1. For residue 248, work out the one condition from (1) out of contact with any Asp or Glu (no Cβ under 9 Å at 6 or more places or on another chain); (2) more than 26 Å from residue 108 (Cβ to Cβ); (3) open to solvent by less than 60 Å² (accessible area, probe 1.4 Å) it doesn't fulfil.
2. Evaluate the following for residue 94: is it open to solvent by less than 30 Å² (accessible area, probe 1.4 Å), at negative phi and outside any strand (DSSP E or B)?
3. Can you tell me how many residues within the range 339-364 are within 23 Å of residue 415 (Cβ to Cβ) and at pLDDT 65 or above?
4. Considering only residues that are open to solvent by 50 Å² or more (accessible area, probe 1.4 Å) and under 22 Å from the mean Cα position of the chain (by Cα), which ones fall in the range 194-206?
5. Of the residues 483, 461, only one is part of a helix (DSSP H, G or I) and at pLDDT 75 or above; which?
6. Quickly run through the range 251-267 and pick out the residues that are surrounded by fewer than 20 Cβ atoms within 10 Å (Cβ to Cβ) and part of a loop (DSSP other than H, G, I, E, B).
7. Please give the number of the condition residue 213 fails out of (1) in a strand (DSSP E or B); (2) surrounded by fewer than 19 Cβ atoms within 10 Å (Cβ to Cβ).
8. Restricted to the range 268-278, and to residues that are in contact with a Leu (Cβ under 6 Å, 6 or more places away or on another chain) and open to solvent by less than 10 Å² (accessible area, probe 1.4 Å), which residue is farthest from residue 178 (Cα to Cα)?
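The values are calculated or read from the model by the stated rules, or taken from the named source; none is laboratory data. Since the structure is predicted, the reported quantities are computational estimates derived from the model, not experimental observations. Methodologically, a virtual Cβ is constructed for each residue, glycine included, from the backbone with ideal geometry; neighbour enumeration extends over all protein chains shown. All accessible areas refer to the heavy atoms of the entire protein, side chains included, with ligands and DNA or RNA removed. Shrake-Rupley method; radii C 1.70, N 1.55, O 1.52, S 1.80 Å.
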Amino acid sequence: MRSVTLCLTILAALVLGQSAFAAQSDPAGTERVQVRLISDVSAVAPGEPFTLALDQRIIPGWHTYWKNPGDSGLPTEIEWVLPEGSSAGPIQWPFPHRFDVGPITNYGYSDQVLLLTEIHPSAELKPGDSFAILAKVRWLVCEEICIPEDTEIAFSLPIASGPAPGVQHEDLEATRSLLPVESPWSVSAALAGERLQVSLAVPSSAQEALIEAAFFPDAWGQIIHSGAQRLTSSPDSIHLTLEPETGFDPAATPLSGVLVLTERLADGSEAHRALAIKTAADAGAPVVGATDGGAGGEAVPLLITEGTSLTDINFFSALFFALLGGIILNLMPCVFPVLSIKILSLSQQVGGDRREMRLHGLVYTAGVLLSFAAISGLLLALRAGGEALGWGFQFQSPTFVMLMALLFFGIGLLLSGVTTLGSSVIGLGQGLGDKSGMRGSFFTGVLATLAATPCTAPFMGAAVGYAVTASAASAMAVFLALGLGLALPYLILTLLPRALAWLPKPGAWMERLKQIFAFPMYAAAVWLVWVLAQQSGAGGVLAALAAMLLLAFAAWLYEATKGLQQRGRLVGASVVAILLAGSIVGLPRLLPPAGSGPAMAAVSDQSIPSEPFSPARVAELRAEGRPVFIDFTAAWCITCLVNEKIVFHDESVAKAFAQANVAFLIADWTNRDPVITEALAQHGRSGVPLYLFYPKNGGPPAILPQVLTVGGMLQAVKAAAGAAPLQQASADQLLHD
């Protein structure tokens, strides 16, 4: 009896093993693409649908195409030859990936993809017979060249007398999670100027982990495939801004395709939701629907993948990075001249009234926070109106740069003693305890904020990049955290009297030190005039120097009329007011139009050969297999200039770039440039500097720290030119090398 049972067990195992084996065909294809058929049943039940998958295995560096191949290419086609009365449904396409080659963008698959088809067998099939399948498959496979290929796959399954026995296949089940499903949220699309905005009614609770979105249109003629796609959010919706094809209007033609949402999970991995969307073609309510290959259902499947990005942070991380970046901002060269004034002010208060001291710290902090709120509020409002702006946007205005140059020059005159006008306004002199002294602390906070905007400190870039894509409330919280970080060191000194013991006691030396502090202000004014030269050429420099001359004369005239009677001083004050008004009101007329000045390359005088940045040029260089380094910079960014002088002028760095054949591209953001603004946004940044290093022979770019070192740059070049992926060299390693 035992022997009979054992024989039956062995026989059953052999039958089951044979059935499982029969659920997939032998491989066929070419040296570039191998294909086979996989069935989710081991036998066909008459009249019961089942799924066949065309499994494509693609050699590294090559790719096949999605149903909409993008700017070029052809989708894979399958012609089915089935028993009489049986039929095959359309291909169910997993969501694709983008392939950028120069100005061309394609949609497709690399490495492996399974294309699913539902087979509907005839109800007249006879059990015991075979279900013969012939698949005639045609595809286009591309690398630098494209090759059309085809093959035939013969396959058969037994016809069962009862329900079809299912077969579990890991690759087939994984592919089902990649199929687009009907969106659980309503969707709409509308033109906004030259842009197309797709809005999805996603509640705030579902937005917390969202870090990226990508739209793949079902067909040509809807969007420019190579165009930038930018994700923003509001409390109850997310918005994806696209570049529409000429003549496309979602009010007349439905927008349909696959929207892929990427989320960050608690364990640091990423999850993708593929949603099939279709808008209404009229002015009525938006509708949603599944495209071919969609599968209805409320649960949206998640595909777990690996990989993290330095730019992918949540709200609380953004707050922490903003606070830390604001603290470090005090050490940046753009803020230090203003900070020196407050240090001098604190030195004068050693041993004074502690209550007054704390009040000065709070008023200074209020000046910083209110200024950050005003600047960030204006930035967010302009971006909501469709303007492509980022952090430090005001320095892209020649008029604003001129006014800042005059401000720093005027403060320099006050510190030098040319005039005593408003010495208490900047926190100096004996009036620190009176009302004007409080106004001075507030004004210094405003000035510190204005001086800080052209700088980006470590940790600050990712925080600001998060803020400009978050909701208005979240963005304002991040910007205020940045302002609090900037004000925090001074605030702590005023709130902790023991800390003031480290400062020297007041004395006669302070007058001399006050005069010395005038020179950083003059240096800041000179730098801003140089920025103006890059923006507006010689005409801008002439306007700045003329305004400074008028300002200096006004300061001298004010001092010269102090000894006159009331009428004389009134005349002098009137002349001063007229001169100052003329130097400000006349600025726009003296300045050339923005962007009409000479083209500027911020590091054009360094020893590394460089060329202007453009997305098309990046794609060309990457197609050649070269490492590509992109320097997002601006003449008004002091952090950028310091990095360029210290790192890019170093002979060892220049030699390393040459030996590794690194292409050096400069994205000059001195004047407004929507292409560069969009490129910054794609990498989670809203300001400069940003340094991207694309490794040799493909792969995602590494984002280097805002503060560069020679050793860190040499390490980055070595990684980009080597076999190891560049992203494995973390920013922290580069920063502390």
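1. Failing condition for residue 248: (2).
2. Details: open to solvent by less than 30 Å² (accessible area, probe 1.4 Å): yes; at negative phi: yes; outside any strand (DSSP E or B): yes.
Here the answer is yes, as residue 94 does meet what is asked.
3. Count: 6.
4. Those that are open to solvent by 50 Å² or more (accessible area, probe 1.4 Å) and under 22 Å from the mean Cα position of the chain (by Cα): 194, 195, 197, 204.
5. 483
6. Within the range 251-267, 251, 252, 253, 254, 265, 266, 267 meet the criteria.
7. Of the numbered conditions (1) in a strand (DSSP E or B); (2) surrounded by fewer than 19 Cβ atoms within 10 Å (Cβ to Cβ), the odd one out for residue 213 is (2).
8. Taking the candidates together, the pick is 277.
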